[in-house]
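Structure, as structure tokens:
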Amino acid sequence: GWGGGARTECNWHGVTCDGGATTVTELHLSSNHLVNSVGVPVPDWAALPDLQRIALGNNQLTGPAPAIAGLAQLQDFNLAVNQFTGALPTPAGLQHLDAYNVNANQFSGSIPALSDLPALTRFTARDNQLTGPIPPLTGVFTLEILALQNNQLTGGVPVLPPGLLRLNVSNNQLTGPVPAAPNALDAGDSHLCPNYLTPSNSPAWDAATAEAPWYDNCTAPSPGLGGTTAIPTLGEWAL
């Protein structure tokens, strides 16, 4: 249903415009068998500065994802279950962004800064190839769901927002102690292991993960991964 003349765009499949049909506000093209030729990037949506929703999940799109930094009205960003590569689009500063979902792609590099995002409630980037640390979460005090499992993240788990309901950072390479468990965490919906986190007594994390103790499926950190276990002396090794 695409391809009509100028000023017919608001009638195309998956395109939503404002009431006056003067600007595009939403792209709903999930599960639409979309592909792009090898070496041909997804078109930049910078020419649609009033976009509030980008929904391109469950397609076969490849290559880098266009930037979203200039989409000041963006509320919902969903590229899940494609084959995007390269860096994650930086969301910092988007005042209306509520949900950021890039699950099940091939994104690499570090998680961008999560700062000045007063409306963000969901950030999900599981099943990618992300590396480096989880950034500070002090700029996302409204965050309720954080899903980063099945990546290659390192470093520690940062201080968590008080309203967080679900946390999943399993199957990474995280080390160090876990922060205090927010009181809002739903029972049994969070996952901290497998990782190399430092075991500690925490009934709150036991309840949040439905594991007692919560670190039961974690691997004890080694000295090379930030652990504190002393290296045995030669005498202790009986050499």
Handout entry: Cut-off under 5 Å, modelled amide H: who pairs with Phe107 long-range
Key = Gln129
Problem - Charge dipole of region 1-88 about the Cα centre (unit charges at C-beta), most positive-ward option of Ser37, Gly19, Leu71 - result: Ser37
Exercise for the section: Take the Cα atoms of region 1-73, find their three principal axes, and give me the spread along each one in whole Å, biggest first. Expected result: 36, 29, 20
Handout entry: Mean separation of Cα contacts under 8 Å (6+ apart) over length of region 1-101, as relative contact order %
Key = 21 percent
Problem - Relative contact order (percent, whole number), the chain, Cα cutoff 8 Å, 6+ residue spacing - result: 9 percent
Exercise for the section: Would you compute, from DSSP H runs of 4+ residues alone, the mean residue ellipticity of the chain at 222 nm, taking -39500 (n - 2.57) per run and dividing by the full residue count, rounded to the nearest 500? Expected result: -500 deg cm²/dmol
Practice task
Would you work out the relative contact order for region 88-175, in percent, from Cα pairs under 8 angstrom that are 6 or more residues apart?
Solution key: 25 percent
Exercise for the section: Using a 10 angstrom cutoff on alpha carbons, build the Gaussian network for the chain and name the most mobile of Val102, Val15, Val178. Expected result: Val15
Problem - Percentage of interatomic Cα-Cα distances in region 6-142 larger than 19 Å - result: 51 percent
Fill in the blank from the handout: Expected vector for region 37-44, Karplus 3J(HN,Hα) from phi with 6.51, -1.76, 1.60 and θ = phi - 60°, integer Hz, x for Gly and Pro, equals 4, 4, x, 9, x, 4, x, 5
Exercise for the section: Would you kindly derive the ³J(HN,Hα) couplings of region 140-156 from the backbone phi angles with the Karplus curve 6.51 cos²θ - 1.76 cosθ + 1.60 (θ = phi - 60°), listing them in order in whole Hz, with x for Gly and Pro? Expected result: 10, 5, 8, 4, 10, 10, 10, 10, 10, 5, 6, 10, 10, 6, 10, x, x
Completion exercise
Simple spin-label estimate for Ala69/Ser200, 7 Å along Cα→Cβ, in nm, reads 3.5 nm
Practice task
Between the alpha-carbon centers of region 1-53 and region 115-152, tell me the distance in whole angstrom.
Solution key: 27 Å
Practice task
Quick one: among Gly156, Gly20, Gly63, which has the greatest mean-square fluctuation in a GNM of the chain with alpha-carbon springs under 10 angstrom?
Solution key: Gly20
Practice task
Pop out the ³J(HN,Hα) list for region 22-27 in order, Karplus 6.51 cos²θ - 1.76 cosθ + 1.60 with θ = phi - 60°, rounded to Hz; leave Gly and Pro as x.
Solution key: 10, 8, 7, 10, 9, 10
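Quick note: the coordinates plus some simple rules give every number you see, no bench work behind them. Computed from a predicted model, the values in this text were never measured in an experiment. A quick note on method: Cβ atoms are made from the backbone with ideal geometry, for glycine too, and the neighbour counts reach across all protein chains shown.
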